[in-house]
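Chemist: Before we start, here is the structure in question, set down as structure tokens.
The values are calculated or read from the model by the stated rules, or taken from the named source; none is laboratory data. Because the structure is a prediction, the values reported are computed rather than measured. Glycine gets a Cβ as well: all are built from the backbone with ideal geometry, and neighbour counts include every protein chain shown. The accessibility values were calculated without ligands, DNA or RNA, using every heavy atom of the protein model including side chains. Shrake-Rupley method; radii C 1.70, N 1.55, O 1.52, S 1.80 Å.
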Amino acid sequence: RDTYWAKLDYWSIDMPPGTGDIALTVSQVIPLTGAVVVCTPQQVALLDAVKAIAMFRKVKIPILGMVENMSGFICPDNGIRYDIFGHGGARDKAEELEVPFLGEVPLNMQLRQNSDTGDLGTALQDPICATAIDKIVRSLLRGINQRAAAAPTGAPLPVL
């Protein structure tokens, strides 16, 4: 609350899955533009995503979209896709809940390793990951910009 954030265009907060104290507190304390719900395509993960969407709706935070993470593995040796955790669960759930579906990120070892170290630049050199993430970010920003254009002037800083 004591920091001046005026030079930021977007601020993204990665919260743990679920609807626990952290998610609820952040949702109530920070004026969020909206939430992006990320989950794997498995039914058990989708249960948590549905709970998160219900919580955000209850506290009146718009759902900007849903992303399917670990959506297939594309073998670097032969280019064959393997749906280890299933495929399309998040897309189907987003459609059912009337939430924009932003895209899917494949299971990728380089992306996983670089995410752990905070160095996404290297992982984004992989054309499969770069294309997937670029599509998601463009869809997300398009939705945010459409909301901002429709909002009255002086709306709060976009926080994701």
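Chemist: Answer with yes or no whether Arg138 is closer than 23 Å to Tyr10 by Cα, open to solvent by 50 Å² or more (accessible area, probe 1.4 Å) and at pLDDT 90 or above.
Modeler: Taking the combined requirement at face value, the residue satisfies it.
Chemist: If you don't mind, there's one more thing I want to ask. With Arg81, Arg112 as the choices, which residue is open to solvent by 50 Å² or more (accessible area, probe 1.4 Å) and at pLDDT 90 or above?
Modeler: Only one candidate qualifies: Arg81.
Chemist: Residues to consider are Ile84, Ile13; find the one that is assigned to a loop (DSSP other than H, G, I, E, B), among the β-branched types (Val, Ile, Thr) and over 22 Å from Gly143 (Cβ atoms).
Modeler: Just a single option satisfies the conditions, and that option is Ile84.
Chemist: Still on this structure, I have one more. So, of the residues in region 122-135 that are of a type outside the set (Asp, Glu), modelled with pLDDT of 85 or more and open to solvent by 50 Å² or more (accessible area, probe 1.4 Å), which turns out to be nearest to Thr33 (Cα to Cα)?
Modeler: Lys135
Chemist: When only residues in region 141-160 that are outside any helix (DSSP H, G or I) and more than 17 Å from Ile61 (Cβ to Cβ) count, which is modelled with the lowest pLDDT?
Modeler: Filtering region 141-160 for residues that are outside any helix (DSSP H, G or I) and more than 17 Å from Ile61 (Cβ to Cβ), the one modelled with the lowest pLDDT comes out as Gly154.
Chemist: Tally the residues that are in a loop (DSSP other than H, G, I, E, B), among the β-branched types (Val, Ile, Thr) and more than 26 Å from Ala148 (Cβ to Cβ), restricting the search to region 40-70.
Modeler: 1
Chemist: Still on this model: Would you say Leu102 is open to solvent by less than 70 Å² (accessible area, probe 1.4 Å) and either free of Cβ contacts under 8 Å to residues at least 24 places away in the same chain or assigned to a helix (DSSP H, G or I) (or both)?
Modeler: No, not satisfied.
Chemist: Looking at Asp126, Asp92, Asp116, which is the one that is free of Cβ contacts under 8 Å to residues at least 60 places away in the same chain and farther than 20 Å from Pro17 by Cα?
Modeler: Asp126
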